[in-house]
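Have a look at the structure below, then the notes.
The values are calculated or read from the model by the stated rules, or taken from the named source; none is laboratory data. Nothing here was measured: the structure is a model prediction, and the numbers come from that model. Positions of Cβ are generated from backbone atoms using ideal geometry, with glycine treated the same way; all protein chains shown enter the neighbour counts. Please note that ligands, DNA and RNA were not included when accessible areas were found on the heavy atoms of the full protein model with its side chains. Shrake-Rupley method; radii C 1.70, N 1.55, O 1.52, S 1.80 Å.
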Amino acid sequence: MAVFEFNTWVVNNLISGVKNGKFSKEWAAVQLANYYIKGKITEADIERFEAETYVPEPEPADDVIPEFDDAEV
């Protein structure tokens, strides 16, 4: 019989919840911190969560038209 790995289960569910939009990454990070403080998960678990939920910042478009105030027109 397989041993239940609580840390893997928690991290997998938090990753899934963030990816499907059920809760925010910030909320999940607070939950991870609570489990980490209690010794239920490891730093490696947190690193895996960060890696699997990473969303890069969008690159600014090169062809953006600057906004003008009415006074400048």
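What 222 nm value per residue comes from the helices of the chain, counting each DSSP H run with n ≥ 4 as -39,500 (n - 2.57) and dividing by all residues, nearest 500 deg cm²/dmol?
Numbers: 3 runs with 38 residues, N = 73.
When only DSSP H runs of four or more count, the value is -16500 deg cm²/dmol.
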Those trypsin sites (Lys or Arg not before Pro) in the range 1-61 that DSSP places in a loop and that have at most 16 other beta carbons within 10 Å = K22, K38, K40
Suppose R0 equals 25 Å; then what is the FRET efficiency for E5 and E26 from their Cβ-Cβ distance, rounded to the nearest 0.05?
-> 0.50
Give me the percent of the accessible area of the chain that comes from carbon and sulfur atoms, probe 1.4 Å, all protein chains in place.
-> 56 percent
